[in-house]
Each structure stands twice: as structure tokens, then as C-alpha cells.
Amino acid sequence: MVISSYMKGSIAMTIRPTRKEDLPSLLEIYNYEVINGVATLDLNPRTLPEWEDWFLSHQTDGHFILTAEIGGVTAGYASLSEYRSKEAYKSTAELSVYVGHEFRRQGVASALIEEVLKRARSTGDLHSVVSVITAGNEASERLHGKFGFRACGTLHQVGFKHGKYQDIDNFELILGEE
């Protein structure tokens, strides 16, 4: 089921719910960032069985994964995940967005966030969305700002990756206030 189609210049993109057969492609995108970047502070690549468990935990109205395709190739994905396990946090979800390095700067992340937020608003169960961005990722900060996310705090030196301590910046969006 296609949720939306986008055109940016001559690039046609489709956003749809993630299917189990998408997992190897999504895992490749994620593990590239594990090895080469700091968008995730995971240190070790994930395995397909771990990713299958992750997929199964995202099969509810408030916790889901969307996949972006360009020319039939997986270009990226976005997910809304459980923010914290305590029951009082049930109406808050954490947004994650990953785009394949060869598809960056083509509007993939924007299209994914737009669709994730539409779906988040339609659930009726979510009140807020949180995003945790490794400090210094100005492109991601600008992208979140475009959708109304506000910076709400920095945690300093909470992760150690690529030989240095990493800070994380927290961003929030109260659904219905933007």
C-alpha cells in the first residue's frame, strides 16, 4: 500500500509502510551509519534477527516504520518507536530517520518525516514526538526545525564513538501545537 508519492525535479519517490522483505535494505542503511557515522551511537552493526525483532515491535498505530523508494530501490526509512517503557510515556514516541548515503539531499528525509507526522497525528493516541540528534548534525537540526520541532536540551558527552565523546541534542514536537 502506497501512502504517498513525491516528485522532486525528475526524481519520483514512494513512501509506504515497511514490509518484512525490506529489512535487509533497511539494515544496510542503518549499519552503514553504525560503521561510518554518528547518527546512531550504536557501535556494532545489527543483525537481521535483531532487525526482525525491531520490525515486530513496530506494528502498532503509534509505533511503525515507513520506507521510501526511488526507482524501486530503498532510499531510506523512518520509524516511530517507544520513547520509554514506563506507562506514563505511552503518548510520546521517538522519531528516527535514516537515508541511504547515495540518496541524501534528494528530499527523502523530508518526505519521510512529513508522512510519519501525518500518521502520528491520525492515531489519536500520540501527544508528542521526540527526536534525539547527535550534536553537530546541523542538517538534521534544520530538517526537524522545518517541521516545528524545538530544541529542548543537550546531554553532554553521553556516548563515546569514533575516538571521542559525543553530545546529543533533544528535540520535541507537541502534536497539534505546530
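The values are calculated or read from the model by the stated rules, or taken from the named source; none is laboratory data. Because the structure is predicted, anything quoted here is derived from the model rather than measured. Backbone-built Cβ (ideal geometry, glycine too); neighbour counts: all protein chains shown. All accessible areas refer to the heavy atoms of the entire protein, side chains included, with ligands and DNA or RNA removed. Shrake-Rupley method; radii C 1.70, N 1.55, O 1.52, S 1.80 Å.
Candidates are the residues of the stretch 132-154 that are farther than 22 Å from Asn44 by Cα and part of a strand (DSSP E or B); the one that is most open to solvent (accessible area, probe 1.4 Å) is Arg150.
Taking the stretch 12-59 as the range and being among the small types (Gly, Ala, Ser), under 21 Å from Val73 (Cβ atoms) and part of a loop (DSSP other than H, G, I, E, B) as the test, the residues that pass are Gly37, Ala39.
Residues that are over 27 Å from Ile168 (Cβ atoms) and surrounded by 18 or more Cβ atoms within 10 Å (Cβ to Cβ) occur at least once in the stretch 66-78. Taken as a whole, the stretch 113-122 holds no residue that is polar (S, T, N, Q) and either surrounded by 12 or more Cβ atoms within 10 Å (Cβ to Cβ) or in contact (Cβ under 8 Å) with a residue 60 or more places away in the chain (or both).
Yes/no per residue for (1) modelled with pLDDT of 95 or more; (2) within 20 Å of Arg119 (Cα to Cα); (3) of a type in the set (A, V, I, L, M, F, W, C):
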| residue | (1), (2), (3) |
| --- | --- |
| Ala139 | no, no, yes |
| Leu143 | yes, yes, yes |
| Lys146 | yes, yes, no |
| Leu155 | yes, no, yes |
| Phe160 | yes, no, yes |
| Tyr165 | yes, no, no |
| Ile168 | yes, no, yes |
| Leu173 | yes, yes, yes |
| Glu177 | no, yes, no |
